Structures are given as structure tokens and as C-alpha cells.
Amino acid sequence: MSAAGASGHEPNGVRTPLRIVRLANFITPSSGGLRTALRELGAGYRAAGHEPVLVVPGAHASDELTPQGRVITVPGPEVPGTGGYRVLTDRRRLARLLDGLAPDRLEVSDRTTLRWTGEWARRARVPSVMVSHESADAVLRTWGVPEAAARRAADGLNRRTARAYSRIVCTTEWAAREFVRIGARNVVRAPLGVDLDHFHPTLRDPALRDRHRDGAPVLLVMCSRLSPEKRPGRALDALAELGRRGVGAALVVAGDGPLRPRLEARAREEGLPAAFLGHVADRGALAALQASADVVLAPGPAETFGLAALEALACGTPVVVSELSALPAIVGPAGATAADHGAAFADAVEHLLSRPEPTRRATARARAERYSWPEAVAAFLAAHDAPPVHGALPARDVSPVQGGPVGGDASAGDGRDADAASPEQRAHAAGLPVGPAARAAR
């Protein structure tokens, strides 16, 4: 194969497919947002004519072809106390795998245990991207680390991460702030998306709604991993507060995690009308549940995008989100924000319920339609300097995040409205040979 340039072009101008190897840690078979993003991006890369390869940890080794491309599972241990998260810990094995795969691009969804792969990519002359799926200082604060200490630790981690990779991809302006704060100049924004056909208001099911609300006039739903950083207890706090105010509401929780036994015990002890479904693997059933709710709760204070909230909006259901997260900019006028306590979430629920139902459902759907997976895929491919091979997807410049502090109102900052980068800005500063040329050099 002849040498190709940074954007996957042969010398005669023909675009060539690129092998985009993606690594992800802290994932389980029942993972929510991360697994969805990996699946949709992989399918999009493949539709654009590239060759995506996903490497994830699991209980057993496997190698299979899927709609999102090749998926390689490498045995990795469970992390205690996380409810089943696994990690890739064998560096030598993973390095050998990367050597054998000979990627044209490397995409990493873990800034901690896999950061060493940035150095591997530099030595192999492979452009690399780290996707920031969480805010380091926000997560540390949810674990009880004081704000100043959390910021210092996050800044140190983020400096090392920014140095390790060619680019850092952040899905929202909120997520990019901690990198802008340290002066990182290789940060770009690329939003995620939602399947607007699969998640749709027409899935609203009166019979399903009646079964879950069990006579209560209001049905609340929370789709979340039940772990400390997601603050799932806020949903029970809000439910209890609404009950004290005389607002009849029932809560359905779709999701699993280490806090589930404690939350179920609390609901029983306090007599709260809450049902815990565990992980809902059937995407159709999950979409119908979201569409049948009056309000969806998304209390996580460290969310950098919030796919579950966006899926609820696509189903026509408004969402109450934590004011501490990136979600206020995602939901905009289609939802409501709340401080990190039950009374504030109850206030926000009542505020949304005060709107006429047709208005709040139409507003929610319209907001979700600002996001689609084809646009998200195009933005991620732009971050990789990897245009579609057969033009299946529109070319899209990636939005740079550089310079001073990031700001904006709640309707902006969602990764969609910034000025596009020029081709010069999008060129890799290192000027290293990439693609098949790098593969041939190795």
C-alpha cells in the first residue's frame, strides 16, 4: 500500500480507509452511556469506510466481527466495589496487540490506567486521541475530596494526559474547561448523539405507564448506573420530598450498580413507591419506559454529556439535571436544573409539571433533534483527521477549544456552535508520518 497523508489520502488524492483502534476501560456488559457511544461511533466509522477495531476488557478472550466493526475482548480483572467494571491491566499483552493491529489512528477512552498508550502511539508514529468521558475534578468531588485538593489532583492528571496524546476530545464545553484551565492547546470538542428513530415520543405506552405508576398521578424515571458518582440517592430524596408536599409520584429506576441494595433497602424502610428494574438490556423497552414517564431524573453531578438524558428528550420527556454537571447546556429549555439536594429536585419536577404536557413533550423532542449520531461521527472523524472514504457522511471540521476560559449561557456550550477549525489548525503539530506510511515504516 502506498503512503497516505495525515487525512488518509493517497498521493493521487484518493482517500484510503484507516484502521482506527479504540481502547476502553471501566466497562461492563451492562454499561450504559460509554457502551452506547462506542457502539454508535464504531458503526459510524465503519459506514464512513474506515476499519474500526474496539479492544475492551472482559471475563474471557474473544474476537468477533460486529456491526460496529471488530471487537476484541482481552481478559481483565474486575475492580472491587464497582459493580463489575473491568480493566485492561496487562500492558505487555496490550502492547503486543497494538503492534499487531498496526493502527492508523488510536482512540482511548480512559485517561488513567491507559495513559501509557499515548507514549506507545508517539513511538509508533500513530496520531492518538483521548476521549474525556468524565471530569476528573468533578468525579473526585463526588468521592468527597475537598474542592481545592480535587482541582490540584485533576490538574496534574490532565497535564499528563494532554501531553500524552495528539488530541483530547471533549463532548461539551463544560468537559473542556478543566483542560482549558491548565492551558492545554490540543483540546477539541465533538458532541455525542442520539438515535432519533429508536428513541421517539410515539413509544409512549399508557398501559406501561399505568403499570409502573400504580395509581400515582406522576411517573418519574431514572436511567443510571447506581454508583456514588451518579448520586442516585437524589432521586429517592426528591420522591420523598414530593410525597411530603402531597404530590403523588412513583419512581422507576432502570440501572444497576454497587448502591442498588442500599437504595432498595431505603425505599422499603421509608415506604417510598420506587421500583428497581436493574439493567434493562432491551433498548426498545428502555425507550418505551422513558417515553411513558412524566419526568426523567438525571442527578449525576459529574456528567460530561449524559446520553440517558438526551435519549429521554428524544422520547419527548423533560429531564431534571444537576446544575453541577454539563447537562444544563444539553437539555436547555427542555429541562430544568437543580442544586444537589432532594428539595431542589422536587422543585424542578413541579416546575416541569406546571407546563402543559404537549408543550413540554414537543420542546423535549425538538431539543434532542439538535443532536444526531451521523453528526457526532463526522465530528469524531474530523478529530482523527479521517474524512469519510466513500462520502457516506458529510465532512465536518472539529471545533477547537483553545485560549482563555470557556463560558457561555445554558443554550450554548454544547459542542455544536463554535466556529470550525481551519485545515491548518486541524493538522497535527508533530508532522509525523501516519496511516499506511507509518504502518510500512514499522
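The values are calculated or read from the model by the stated rules, or taken from the named source; none is laboratory data. All of these numbers come straight from a predicted model, not from anything done at the bench. Because the Cβ atoms are built from the backbone with ideal geometry, glycine has one as well, and the counts that use them run over all protein chains shown. The area values use the complete protein model at the heavy-atom level, side chains included, leaving out ligands, DNA and RNA. Shrake-Rupley method; radii C 1.70, N 1.55, O 1.52, S 1.80 Å.
Listed conditions (1) open to solvent by less than 20 Å² (accessible area, probe 1.4 Å); (2) farther than 17 Å from Val21 by Cα; (3) touching a residue at least 40 places away in the same chain (Cβ under 8 Å) are all met by Leu101, apart from (2). Within segment 166-206, the residues that satisfy the criterion of being part of a helix (DSSP H, G or I) and either more than 30 Å from Val126 (Cβ to Cβ) or without any contact (Cβ under 8 Å) to a residue 24 or more places away in the chain (or both) are Pro201, Thr202, Leu203, Pro206. Which ones in segment 66-88 are part of a loop (DSSP other than H, G, I, E, B) and among the hydrophobic types (A, V, I, L, M, F, W, C)? Passing the criteria: Val79, Val87, Leu88. Of everything listed in (1) over 30 Å from Arg189 (Cα atoms); (2) in contact with a strand residue (DSSP E or B) (Cβ under 7 Å, 6 or more places away or on another chain), the single unmet condition for Ala309 is (1). Is at least one residue of segment 381-390 of a type in the set (D, E, K, R), open to solvent by less than 70 Å² (accessible area, probe 1.4 Å), in contact (Cβ under 8 Å) with a residue 12 or more places away in the chain and more than 17 Å from Leu41 (Cβ to Cβ)? No, there is no match, as no residue in segment 381-390 is of a type in the set (D, E, K, R), open to solvent by less than 70 Å² (accessible area, probe 1.4 Å), in contact (Cβ under 8 Å) with a residue 12 or more places away in the chain and more than 17 Å from Leu41 (Cβ to Cβ). Taking the stated definitions as given, is Arg204 basic (Lys, Arg) and exposed (fewer than 15 other Cβ atoms within 10 Å of the Cβ)? So Arg204 does not fit the description; no. Can you find even one residue in segment 212-228 that is crowded, with 20+ Cβ neighbours inside 10 Å and over 19 Å from Ala309 (Cα atoms)? Yes, because at least one residue in segment 212-228 is crowded, with 20+ Cβ neighbours inside 10 Å and over 19 Å from Ala309 (Cα atoms).
A single member of Leu313, Leu327 is farther than 21 Å from Asp256 by Cα, buried (at least 24 other Cβ atoms within 10 Å of the Cβ) and in contact with a Gly (Cβ under 7 Å, 6 or more places away or on another chain), and it is Leu327. The set of residues in segment 118-132 being over 22 Å from the mean Cα position of the chain (by Cα) and in a helix (DSSP H, G or I) consists of Glu119, Trp120, Ala121, Arg122, Arg123, Ala124. Can you find a residue that is surrounded by fewer than 23 Cβ atoms within 10 Å (Cβ to Cβ) and in a strand (DSSP E or B) anywhere in segment 133-154? Yes - at least one qualifying residue is present in segment 133-154. Look at Ala376 and say whether it is at pLDDT 50 or above, closer than 29 Å to Asp294 by Cβ, open to solvent by less than 30 Å² (accessible area, probe 1.4 Å) and under 18 Å from the mean Cα position of the chain (by Cα). When the stated conditions are applied, Ala376 passes them. Among the criteria (1) farther than 29 Å from Pro80 by Cβ; (2) part of a strand (DSSP E or B); (3) under 24 Å from the mean Cα position of the chain (by Cα), the one Ala250 does not fulfil is (3).
When segment 40-65 is limited to residues that are without any contact (Cβ under 8 Å) to a residue 24 or more places away in the chain and part of a loop (DSSP other than H, G, I, E, B), the one that is most open to solvent (accessible area, probe 1.4 Å) turns out to be His60. Flag: Val280 matches the condition of being more than 16 Å from Pro318 (Cα to Cα), open to solvent by 10 Å² or more (accessible area, probe 1.4 Å) and free of Cβ contacts under 8 Å to residues at least 60 places away in the same chain. Just one residue in the set Ala362, Ala344 is part of a helix (DSSP H, G or I), more than 24 Å from Thr36 (Cα to Cα), open to solvent by 40 Å² or more (accessible area, probe 1.4 Å) and modelled with pLDDT of 95 or more; that residue is Ala362.
Of everything listed in (1) closer than 17 Å to Ala346 by Cα; (2) surrounded by fewer than 21 Cβ atoms within 10 Å (Cβ to Cβ); (3) not charged (D, E, K, R), the single unmet condition for Ala249 is (2).
Once segment 339-364 is narrowed to residues that are without any contact (Cβ under 8 Å) to a residue 24 or more places away in the chain and among the small types (Gly, Ala, Ser), the residue that is nearest to Ala176 (Cα to Cα) is Ala339. On inspection, Val349 passes the criterion of being more than 17 Å from Ser224 (Cα to Cα), assigned to a helix (DSSP H, G or I) and open to solvent by less than 30 Å² (accessible area, probe 1.4 Å). Could you check, for segment 107-117, whether at least one of its residues is open to solvent by less than 60 Å² (accessible area, probe 1.4 Å), part of a strand (DSSP E or B), in contact with a Cys (Cβ under 6 Å, 6 or more places away or on another chain) and of a type outside the set (A, V, I, L, M, F, W, C)? The answer is no, given that none of the residues of segment 107-117 is open to solvent by less than 60 Å² (accessible area, probe 1.4 Å), part of a strand (DSSP E or B), in contact with a Cys (Cβ under 6 Å, 6 or more places away or on another chain) and of a type outside the set (A, V, I, L, M, F, W, C).
Screening Ala175 with (1) surrounded by fewer than 23 Cβ atoms within 10 Å (Cβ to Cβ); (2) more than 20 Å from Asp385 (Cα to Cα); (3) among the small types (Gly, Ala, Ser) gives one miss only, at (1). Taking (1) touching a Ser or Thr at 6+ places or on another chain (Cβ under 9 Å); (2) open to solvent by 20 Å² or more (accessible area, probe 1.4 Å); (3) of a type outside the set (Phe, Trp, Tyr) in turn, Arg70 satisfies each apart from (1).
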